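No lab work stands behind these numbers, since they all come straight from the coordinates. The model shown is predicted, which means the values in this text are computed figures rather than measured ones. In this analysis, Cβ positions are derived from the backbone assuming ideal geometry, glycine residues included, and neighbour counts consider all displayed protein chains.
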Amino acid sequence: MTTVTDTHEDHHDHGPAKGLMRWVTTTNHKDIGTLYLIFSLIMFMVGGAMAMIIRLELFQPGLQFVDPGFFNQMTTVHALVMIFGAVMPAFVGLANWMLPIMVGGPDMALPRMNNWSFWILPFAFAMLLGTFFMDGGAPAGGWTMYPPLVLQGGNGFPFMIFAIHMMGISSVMGAINVIVTILNMRAPGMTLMKMPLFVWTWFITAYLLIAVMPVLAGAVTMLLTDRFFDTTFFNAAGGGDPVLFQHIFWFFGHPEVYILILPAFGIVSQIIPTFARKPLFGYSSMVYATSSIAFLSFIVWAHHMFTVGMPLQGELFFMYATMLIAVPTGVKVFNWISTMWKGSMTFETPMLFSIGFVIMFTIGGFSGLMLAIAPADFQYHDTYFVVAHFHYVLVTGAIYAIMASVYYWIPKWTGHMYNEKMGQWHFWISTVSVNVLFFPQHFLGLAGMPRRIPDYSVQFAEFNMWSSIGSFVFGLSQVFFCYIVYKTIKGGEKATDQVWEGAEGLEWTLPSPPPYHSFTQAPEIK
Amino acid sequence: MSSENAYYIPHDAKWPIVGSIGLTLLLGGFANQLNGSTSASNVMIVGFLILVYMMFGWFGEVIDESESGTYKKVEGVSFRMGMVWFIFSEVMFFAAFFGALFYIRIFSLPWLGGEGSGASTNEFLWGGYENVWPSNGPGEVGGEYEKMGAWGLPAINTLLLLTSGVTCTWAHWGLVANKRKQLIWGLVATVVLGFVFVGLQALEYSHGYNELNLTLGSGVYGSTFYMLTGFHGFHVTVGAIMLTVMLFRSIKGHFTPENHFAFEAAAWYWHFVDVVWLGLFIFVYWL
């Protein structure tokens, strides 16, 4: 794989086309990566705005700003937008930008399909968000779409189902592209066990995506036919079972949470060695740990359903299997810390976000371990303790890793250094506010405050007010993040090719910004 | 390195956006139709036609590139891997419906019948219900119906599909040995068998709806029966269309013994629907 052939013989400049159509018809992995990242940032703001409405309503007990129906729409669509619109596209965007470069290939393996993977998404989300303007409003039964509640939605229901189908098609195509790129586009000498960890974690994530997105498609298809075509999959009168939906959904849903976190593991494993100026501790154990997590993710799904009524053997199996996940995850945390041990550390913004990730993701991991204990989960289930848990792993986990990766790679992407002082401010304001936002929710949950309810008993008032204040500050600091990104794209100090002193990997051998086609000549792999 | 290893990166992909628009109109129209709009079917048809147009355009472009020798071995590897993982995603799609069937038969119906921890459910909610298969549930949803027998049409269909797998492989052998006649007649046989299968399936459905009172609404038996066989039938139709395209391309003189990815992909897909059918025959019709 040495040179890149062009469609048009007379088209030798290899530059991007001009105008808007460049972005619509592009097959270039960097263009498509940029599209994904911008789309993800927009969705992050849309989903964030919904979170602000939720926290505004929960600022005080009683109903102040929105009616309960709209509140339920907010919680439902906030989750769908953040999961499928913000975090997943951000990771796919990073994969698009970085994977071909990191493995020393010329582009993604299937460039046209790559374009389609992205261009389905804006249509899918137009459909999903369009439901707000329909009779009955947006879906309000929770993002988990449990029947029978979700079947009682308004006209938005079939649109939500089809939007999810489209997101699934997009994800599966994106995942196929990632796998084929990694297996077929590596430069000579780039053996599997030499690949950067971001490549490895995405490789495993892609398998998870291909395995579970179709299962979600099947599950929502059955919802659709239950509502419109008289089937009784989830109706006991016809011999079905609403719990069946939960099993199928969480067979998708649990691997899905690892889809949301494995690429983050990869990112952090790239960044920490750079700023500790030491090679990653335990590279191969990281690969095996990631694989074990991926395997275990398929056999733990029912820990989301401990209170639904399962045979005791089921409860026990899923409890022990879930607790097993702590082992490979512990290996990872140990390796990150060992990488930093006795390193010559500096604390630029990407490193700050990565260290923030390690600490706060671990908090989320521990609360997850608490939730894994079936008898204890009967107390925590559907309370704010769960909300606190998954926001620690998703916001201070996945989102923090994405922030870290943006600061880490944006000098490479744009050729400009971001403003370090602003980056540091962004980190510290975010980190203080996110803990003010989510930490009190642990206590609220332990005290029994249920999730997804717009009103609450007065004894929860104080922690909720703290949480809301934290959320407003956190929200504003993300607007600040948008400004930093915008400013970096527009200009700033010129970035060197190496960018970070301790950085290793093929991406740093290219100019900043890299040429439109990365490796037209296969690089030498040491 | 030699230029033989050059990887082909196409430019200006105009078909994906057409596909997105078509897909959105098709699904958005369908959603409106489900919500009771009367004019939405037109939107669906437009969306469907745009999708068909997109497929003609996109595949046409790729076929032209393939025939003009743009793709070398390395692109072929990408395509093959892509197809394999696409088929794997389809396997998982069917797994969701098979999973539903197994859960219902192993867990939910026995529990409704009072087994395990379902004793009080059975006594207080569905008194007198006994777990049998097939079942339309304790509420006898959809009224009386008859089971679809395994040894009539379905057995014939099994035979047809298995035979078509053989003829498909025979055609492939012909292609590899450069025996074009064997290729073309093998494909003709496969396509005919495939469409006869779909026709018989339609006959079976009409038998089910008109004579057995077995519908999609016949409780969980009807639901799983029509959902599984319906999605399978849809996949057979798609596979047969793919093979028809391969037939026309073979007649036009496309494919060489070394270079025939599209044929292989269609053949893999065909064997995949074949295997799914065996699962269906055993678990939906027979057991």
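Worth pointing out:
- Compactness of chain A as Cα Rg over 2.2 N^0.38 Å, two decimals: 0.96
- As a size descriptor, the averaged projected area of the C-alpha convex hull of chain B was calculated at 19.6 nm².
- Between the range B:214-287 and the range A:335-378, the Cα center-to-center distance that results, in Å: 47
- Within chain A, the whole DSSP H helices whose Cα atoms reach 24 Å or more along their own axis and whose mean Kyte-Doolittle score is at least -0.5 are A:29-57, A:111-130, A:156-184, A:197-228, A:242-259, A:349-372, A:420-446, A:461-490.
- Exposure proxy ranking for B:Tyr53, B:Tyr269, A:Tyr36, based on other Cβ atoms within 10 angstrom of each Cβ and starting from the fewest, stands as B:Tyr53, B:Tyr269, A:Tyr36.
- Test item: Cα-centred dipole of the range A:26-509, Lys/Arg +1 and Asp/Glu -1 on Cβ, debye: 1040
- Modelled spin labels at A:Ile469 and A:Lys194, positioned 7 Å past Cα toward Cβ, are 5.5 nm from each other.
- Whole-Hz Karplus values for the range B:106-113 come out as 8, 10, 5, 5, x, 5, 4, x Hz, taken residue by residue from phi with 6.51 cos²θ - 1.76 cosθ + 1.60 and θ = phi - 60°; glycine and proline positions read x.
- Ordered by the number of other Cβ atoms lying within 10 Å of each residue's own Cβ, fewest first, A:Ser512, A:Ser457 fall into the sequence A:Ser457, A:Ser512.
- A cut-off of 5 Å between modelled amide H atoms, ignoring neighbours fewer than 5 places along the same chain, links A:His416 with A:Ala495.
- Whole-Hz ³J(HN,Hα) from phi, Karplus 6.51 cos²θ - 1.76 cosθ + 1.60, for the range B:185-200, glycine and proline x: 5, x, 5, 4, 4, 4, 5, 4, 4, x, 6, 4, 4, 4, x, 5
- Local electrostatic count, B:Gly217, Cβ distance below 11 Å [Lys/Arg +1, Asp/Glu -1]: -2
- Inter-probe distance in nm under a simple model that places probes 7 Å from Cα toward Cβ, at A:Gln498 and B:Trp173: 6.4
- For a label point 7 Å along the Cα-to-beta-carbon line of A:Met345, residues of the range A:423-443 with backbone N under 16 Å: A:428
- Pairs with C-alpha atoms separated by more than 23 Å, drawn from the list A:Lys18/A:Lys494; A:Lys18/A:Lys421; A:Lys194/A:Lys332; A:Lys487/B:Lys14; B:Lys73/B:Lys181, are A:Lys18/A:Lys494; A:Lys18/A:Lys421; A:Lys487/B:Lys14; B:Lys73/B:Lys181.
- For B:Tyr7, distant residues with modelled amide H under 5 Å away: A:Thr2, A:Thr3, A:Thr5
- Using only side-chain charges placed at the Cβ, +1 for Lys and Arg and -1 for Asp and Glu, the dipole size of chain B relative to its Cα centre rounds to 780 debye.
- In this label model, B:Leu278 and B:Leu49 are separated by 4.3 nm, measuring between points 7 Å along each Cα→Cβ vector.
- Cα lying deepest toward the dipole's positive end in chain B, options B:Thr215, B:Val74, B:Asn136, charges on Cβ: B:Val74
- Taking 0.36 nm per residue of sequence separation and removing the Cα-Cα distance, the A:Arg452/A:Trp428 pair yields an extension gain of 5.7 nm.
- For B:Lys179, distant residues with modelled amide H under 5 Å away: none
- Given charges at beta-carbon only (K, R positive; D, E negative), |dipole| of the protein assembly as shown in Debye: 1520
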